[in-house]
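Undergrad: Take a look at this one; I'll ask things after.
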Amino acid sequence: MRHYLQLLFFGFLVTSQFALGASTQSSDDTHEYFLSNGLKLIIREDHRAPTVAHMVWYRAGSMDEFNGTTGVAHVLEHMMFKGTDKIKAGEFSRLVAAEGGRENAFTSRDYTAFFQQVEKSKLNKVMELEADRMVNLNFDDAEFTKEIQVVMEERRLRTEDNPDSLLNESLMATAFMSSPYRHPVIGWMNDLINMKASDARQWYQHWYAPNNATVVISGDVDPEQIHRLVEKYYGGIQAHALPVRKPQLEPEQKGVKQVHVKAPADGAQLVMAWKVPHLQPDDINNDEPYALELLAAVLDGYDNARLNRELVKQERLADNVDAQYDMISRGPALFIVGADLAKGKTVAQAEAGIRKALAEVANKGVLDSELKRIQTRLLSNQVYKRDSIFGQAMEIGGFEMAGFSWKDLDTVLERMQKITPVQVQAVAKKYLLDTTLTIAILDPQARQSTKAEAQK
């Protein structure tokens, strides 16, 4: 569970002097280019150390999947390391390591991304490798058959043998009826069992194209020099038509939903999730998502935040408690409060404690000093995040994939600083209602080893 400010994407403002050009847009340290094949390039200069982060973000994640092939975005991420016409299977990682770099990839509901972090003179090599697999990926059925077994084992370890993940998976599948957010990123096991190599190849052919990609480079670089390098390696790749994304809107919820999950675990858990709005790229001045973000921070933004103080320290109903809200996403948002119950406490007691804490905010509001402290922490966190070139590239890429521009980040932070206690109280009162609530309960079962020991 998370115990920090839910402010992932506010990491790289500070400057607001934009110099707009015909084909490029720049701030003092951030530069944007578009290649003729549709690829978007964003370069963040940071000259404090001779290192570079190179990322390729594809705007295709699990929310673009359909029943029967859930998990294919993540499976394709695995297959991207299986070689091209030039690079043998497994060679990609070895070559990056030979350059002294580190690399990896990740898939989310909204996107799939690949990155390398290297000494700046090695950027040329990793860019050549990444551009090659954007268009020349080549794997056979035997490699797919082996890799899908790896993915299924990953699902067993990370979800089926993990009570937290099982509970979260059931929560999402219950909260959403139609939205593809109801599917786990790793996919349902039955879909993985029945997935074919052709499913992964089709996903690659559909979504892996320069006109569906954003390259983000941060570090000790010269923007114009890097622009020419990107043109050299990515500029010759042909764009192609992308599949049409049809709306998959979630029907209106009419009342409380509830799901119980029985799984081996040390203790019971309770998660309460409300459907709430998220920030829209064409409505960035809407204050409600900012107020919800700050409400989550009021409840769980620091050690003595309300939920931790009241449910853990004072009433001892829970060992851990948290509040989560992701303001930036392509799909629908949930405002989530979760608790790991203290020994001897019931789900009903924990739910009553959470409802009491939320009602206090809705009925009495928050203190101006309380909100100011959180807003100050937010500003401090942005300064600290700039210590990492990797973190800066992550924030730029994530923000872009949700449909925003890196240039919107100034506005986002400015709006966040202007939110008042009255607005935080208002969203608590307006949105944390039973009509949009989904409750997920983990009913802990004895672990196998515990059963065996008890029978001795």
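The values are calculated or read from the model by the stated rules, or taken from the named source; none is laboratory data. This one's a predicted model, so the numbers in the text were calculated from it and none came from an experiment. Using ideal geometry, Cβ is built from the backbone for each residue, glycine included, and neighbour counts are taken over all protein chains shown. Surface accessibility is based on the protein's heavy atoms, side chains included, excluding ligands, DNA and RNA. Shrake-Rupley method; radii C 1.70, N 1.55, O 1.52, S 1.80 Å.
Undergrad: Between region 174-222 and region 367-407, how far is it from one alpha carbon centroid to the other, in angstrom?
TA: 26 Å
Undergrad: Still on this structure, please answer the following. Provide the gained length on full extension for the span Arg158 to Gln314, in nm with one decimal, where the gain is 0.36 nm per separating residue minus the Cα-Cα distance.
TA: The Arg158-Gln314 span can extend by a further 52.8 nm.
Undergrad: Here is a further query. For region 116-146 and region 278-306, write down the distance between their C-alpha centroids in whole Å.
TA: 38 Å
Undergrad: Using Cα positions and a limit of under 19 Å, work out the lysines in reach of Lys88, with same-chain residues fewer than 8 apart set aside.
TA: Lys125, Lys146
Undergrad: Next up: Report, to the nearest whole %, how much of the accessible area of region 376-456 belongs to carbon and sulfur atoms, 1.4 Å probe, protein only.
TA: 55 percent
Undergrad: Follow-up question, since we're still on this one. Quickly work out the Glu119-to-Lys262 label distance, labels modelled 7 Å from Cα along the C-beta direction, and quote it in nm with one decimal.
TA: Computed distance between label sites Lys262 and Glu119 equals 5.9 nm.
Undergrad: Which whole-number percent gives the relative contact order of the chain, counting Cα pairs below 8 Å spaced six or more residues apart?
TA: This gives 24 percent for the chain.
Undergrad: Please name which of Ala440, Asn286, Asn104 has its Cα lying farthest along the dipole of the chain towards the positive end, using unit charges on Cβ (Lys, Arg +1; Asp, Glu -1) and the Cα centre as origin.
TA: Positive-most Cα among the choices belongs to Ala440.
Undergrad: Just need the relative contact order of region 225-376 here, percent rounded to a whole number, with Cα pairs under 8 Å and 6+ apart.
TA: Computed over region 225-376, the figure is 24 percent.
Undergrad: Specify whether the C-alpha gyration tensor of region 148-257 places it in the rounded, prolate or oblate class, a ≥ b ≥ c being the square roots of the eigenvalues: rounded for a/c under 1.5, otherwise prolate if a/b is larger than b/c and oblate if not.
TA: prolate
Undergrad: While we're here: According to the square roots a ≥ b ≥ c of the eigenvalues of the Cα gyration tensor, what is the shape class of the chain, taking rounded for a/c under 1.5, prolate for a/b larger than b/c otherwise, and oblate for the remainder?
TA: oblate
Undergrad: Order the peptides 366-372, 161-167, 210-216 from the highest to the lowest mean number of other Cβ atoms within 10 Å of their residues.
TA: In decreasing order of mean packing, 366-372, 161-167, 210-216 become 210-216, 161-167, 366-372.
Undergrad: Out of the total accessible area of region 84-195 (probe 1.4 Å, heavy atoms of protein only), what percent is carbon and sulfur?
TA: Carbon and sulfur: 46 percent of the exposed surface of region 84-195.
Undergrad: Kindly report the accessible area of the chain per residue (heavy atoms of protein chains, probe 1.4 Å, no ligands, DNA or RNA), in Å².
TA: For the chain, the per-residue accessible area is 44 Å².
Undergrad: For a quick protection proxy, order the peptides 61-67, 78-84 by their average other-Cβ count within 10 Å, most packed first.
TA: 78-84, 61-67
Undergrad: So what's the angle, to the nearest 10 degrees on a 0 to 90 scale, between helix 197-207 and the longest Cα principal axis of the chain?
TA: Long axis of 197-207 versus the principal axis of the chain: about 80 degrees.
Undergrad: Contour minus end-to-end for Thr376 and Glu128, with contour as 0.36 nm per residue of separation and end-to-end as the Cα-Cα distance?
TA: 85.0 nm
Undergrad: Any idea of Lys407's accessible area? Nearest 10 Å², probe 1.4 Å.
TA: Estimated to the nearest 10 Å², Lys407 gives 50 Å².
Undergrad: Moving to a separate point now. Counting only the heavy atoms of the protein chains, how much of Val271 is accessible to a 1.4 Å probe, in Å² to the nearest 10?
TA: Solvent-accessible area, nearest 10 Å²: 20 Å².
Undergrad: Turning to a different aspect of this structure: Name the residue farthest towards the positive end of the dipole of the chain from the options Phe92, Ala362, Ser198, assuming +1 on Cβ of Lys and Arg, -1 on Cβ of Asp and Glu, about the Cα centre.
TA: Of the options given, the answer is Ala362.
Undergrad: Could you work out what % of the accessible surface of region 277-338 is carbon and sulfur, using a 1.4 angstrom probe and leaving DNA, RNA and ligands out of the count?
TA: After summing per-atom areas, the C and S share lands at 37 percent.
Undergrad: Just tell me which lysines come within less than 26 Å, Cα to Cα, of Lys345; anything on the same chain fewer than 8 places away is out.
TA: Leaving aside lysines fewer than 8 places away in the same chain, those within reach of Lys345 are Lys257, Lys262, Lys313, Lys356, Lys451.
Undergrad: To continue, here is another question. Where a Cα-Cα gap under 18 Å defines reach, which aspartates and glutamates qualify for Lys86, not counting those fewer than 8 residues away within the same chain?
TA: Glu99, Glu128, Glu130, Asp132, Asp140, Glu143
Undergrad: Take Ala348 and Arg245, extend 7 Å from each Cα along the Cα→Cβ direction, and tell me the distance between the two endpoints in nm.
TA: Those two pseudo-labels are separated by 4.5 nm.
Undergrad: Oh, and also: Using 7 Å Cα-to-Cβ label points, what is the Gln202/Lys418 separation (nm, one decimal)?
TA: 4.8 nm
Undergrad: Also, quick follow-up: Using alpha carbons only, how many degrees (0 to 90, rounded to 10) separate the axis of helix 223-234 from the longest principal axis of the chain?
TA: 80 degrees
Undergrad: Using a 10 Å cut-off on Cβ atoms, rank the peptides 419-427, 87-95, 316-324 from the highest mean neighbour count down.
TA: Ranked from most to least packed, the peptides come out as 316-324, 419-427, 87-95.
Undergrad: About its Cα centre, what dipole magnitude does region 361-456 give when the only charges are +1 on Lys and Arg Cβ and -1 on Asp and Glu Cβ, stated in debye to the nearest 20?
TA: 300 debye
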